[in-house]
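The numbers here are math on the coordinates, done by the rules we state, and not lab data. Because the structure is a prediction, the values reported are computed rather than measured.
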Amino acid sequence: MGLAATLQNRPFSSPFSTWEGRSSCRSILLCLAESNFTKPSCARYVASALNSGTGPTVVIDAGHGGNDQGAKAKNPYCEEKRICLQTARLVKKYLDQLGYHVIMTRNTDAFIPLARRVEIAKQCDAEIFVSIHFNSSRLPTASGIEIFFYDSQEEKRRTFASKRLADSILTRVLRRTSAHSRGVKKGNLYVTRETSMPAVLLEGGFISNPGERANLKALDYQEKIARGVADGVDHYFKKLKR
Ligand SMILES: [Zn+2]
């Protein structure tokens, strides 16, 4: 389903929705696409969580996978799906260390329909959903990190919590990476819209920017992003308890 059709299906008004037209992340378009839904078996995903703690259940969603490569670039060659999975695995590692119960929507190079990712989160009673993506633009100088949440008029508490989670994660990812901030943004994205728990989608940098791409391919930089995400998740839950 096309972008316009998807947006029409779910009326969305944002006074500062800036993602459209500023960056042409293929991921965003793919996230908006409807996908075929196959009923998932949660047990299949429990394997990803065997070593996780007993804390709140967090779903980490590595964007794209399989035939869906996401954004791509050459020199150095880079596929978004790989950076998503590498970073998501590191996020899981750090959240495991903090005692969270982490479920990954994919832990291999597999195509997982968007509806299935959402259903995994619902069936596992996830308390939050964090999707990891990387950006792309026709403008090679476009750079920085942004994070999206869905502004639902019907689910104000979820919207408020999603924004708080987004603020918490972005602040700490920027602290770790020293990257340029593109801000916390409202966006009508499938996985943040259709989930039922606080949900965010991180765009952790531009694959289309040669300098940023070199960073994104480096393990130490992926670790900075992942530690920032884990810090942000941890801060979100600790603040809830106060
Ligand atoms: Zn993407």
| note | Expressed in angstrom and rounded, the centroid-to-centroid distance over alpha carbons for region 58-117 and region 187-238 is 10
| request: Name the residues whose placed amide hydrogens come within less than 5 Å of the amide hydrogen of Lys185, ignoring near sequence neighbours (fewer than 5 apart) on the same chain. | output: Ile147, Phe148, Phe149
| query | From the cross-link list Lys217/Lys239; Lys93/Lys156; Lys72/Lys185; Lys93/Lys122; Lys185/Lys217; Lys156/Lys239, which pairs have alpha carbons spaced over 29 Å apart? | reply | Lys217/Lys239; Lys93/Lys156
